[in-house]
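Novice: Have a look at this one.
What follows draws every value from the coordinates through simple rules; no lab data is involved. Being a predicted model, the structure only gives us computed values, none of them experimental. Cβ sites come from the backbone with ideal geometry, for glycine too, and all protein chains shown count toward neighbours.
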Amino acid sequence: MARDYSRFMPSLTGGSRIHTPTGLERLGWTSHFAQQVGVDDLSRTPPVRVTSVERSGLRVEGDGLQAALPPRADATVGDWLLHDAARPGASRLLTRKSLFRRRAAGTGREVQLIAANVDTVFVVTSCNRDFNVARLERYVALAFEAGVEPVIVATKADLTDDPQGFAAAAEEVSVAAPMPVPVVVLDALGSEPKEKLAPWCKPGRTVAFLGSSGVGKSTLVNALSGRTTAATGGIREDDDRGRHTTTGRHLYVLPEGYAVLDTPGMRELQLTDAAEGIAEVFADLTELSARCRFSDCRHEDEPGCAVRAAIASGEIDEARLKRWQKLQREEAFNSASLAERRERDRAFGRMVRSIVKDKPAKR
């Protein structure tokens, strides 16, 4: 007997809101997704969320339903699908409300999907030599581009004599952004994670942890869940760099009714299609560059350069300008390379179709 999913649909009559069942609500199901499907669709293909991405395929979970789906390049952890039991590979992907992506590591130019439908991302760093302003700027730009609320979390506060110094440096990352990014300094091994991250960990929401290896992402997941949910590891004493402990992307549903996403540490975060996110992080430089005399000003020795004038007056730091320019060049190169690859693929497809069309039929 088919499950009746009509009660999952949002009210269309202006009456009281229909409450989402506990199973789907805890997974992050909202009206954003319910509005994309009809009652008949829900009856035939119940909604499921991707909770794990492995080489062998996807693990999905719904209201009283768990299943394995074959690998697919267009889905990532956090995505919602309409599960087609007869043809699992044909399960329909619902439109996302947010998406994290980057240029895949290596020499290729493919785009790697990181996570979808996240409400808040905790950008995790640590109060040691791993702390890097340029890396934080990358992650915050990625969050802004994805349309996700970023929060910077600095762990290992118990191992430094100056945790507030790290907090102040982290706050500078968003000093020019339209809205300041909250900064939380804590000891991931104590009770502080649950207390200090509580404002963003509400029922029905999805939070994610992003950062390099060894900064305490999995430790924070375990602290929130109150049990050993994710594998953890230490850091190398010689350089304070972390070891990879999380090998796949996993979505955990906690008893409090919200979902937590843990991801592997990223040795390389190359931005692509993230021009707006970069512009938000460096809003001051973006605004200043618009005042330069020349529209193609390189901010080097051109006359009438508003950026150089701001550096000379001490308003802008030279190092900040260099980081902005580096991200701009990287993003432009990756985005252009991706566009060129797509055009080559389209041209090849047109050529193949033309050959097939012109090929005489066999008699």
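Novice: How many Å³ per residue does the convex hull of the Cα positions in the range 98-229 occupy?
Specialist: Working: hull volume 16.2 nm³, N = 132.
Convex hull volume per residue, Cα atoms: 122 Å³.
Novice: If you take the beta carbon distance between Asp74 and Glu256 as r and set R0 to 41 Å, what does 1/(1 + (r/R0)^6) give as a FRET efficiency, to the nearest 0.05?
Specialist: The computed FRET efficiency comes out at 0.85.
Novice: If you average the C-alpha positions of the range 70-90 and of the range 155-199 separately, how far apart do those two centres end up, in angstrom?
Specialist: Their Cα centres are 37 Å away from one another.
Novice: Treating the beta-carbon of each Lys and Arg as +1 and of each Asp and Glu as -1, no other charges, what is the dipole magnitude of the range 136-205 about its Cα centre, to the nearest 20 debye? All intermediate terms of the calculation are to be shown ahead of the outcome.
Specialist: Details: 6 positive and 11 negative charges, 79 e Å.
So the magnitude is around 380 debye.
Novice: With no solvent and one equal point scatterer placed on each C-alpha of the range 150-214, evaluate the Debye formula and give log10 I(q)/I(0) for q = 0.13, 0.18, 0.30 Å⁻¹, two decimals.
Specialist: One equal scatterer on each Cα of the range 150-214 leads to -0.40, -0.76, -1.38.
Novice: Now a separate question. Long-range amide H contacts for His250: which residues qualify at under 5 Å (H placed 1.01 Å from N, peptide plane, sequence gap of 5 or more or a different chain)?
Specialist: Excluding prolines and chain starts, which carry no amide H, the hits are Asp262.
Novice: What list of ³J(HN,Hα) couplings, whole Hz, do you get for the range 189-194 from phi and the Karplus terms 6.51, -1.76, 1.60, once you set θ to phi - 60° and write x for glycine and proline?
Specialist: Per residue, the Karplus-derived 3J(HN,Hα) values read 8, x, 8, 5, x, 4 Hz.
Novice: Extending each Cα 7 Å along its Cβ direction at Gln164 and Glu195, get the distance between those two points in nm, one decimal.
Specialist: If labels sit at Gln164 and Glu195, their model points lie 1.8 nm apart.
Novice: Kindly write out, for the range 200-217 in residue order, the coupling ³J(HN,Hα) from the Karplus curve 6.51 cos²θ - 1.76 cosθ + 1.60 (θ = phi - 60°), rounded to whole Hz, with x marking Gly and Pro.
Specialist: 9, 9, 9, x, x, 9, 10, 10, 10, 10, 10, x, 6, 5, x, 8, x, 4
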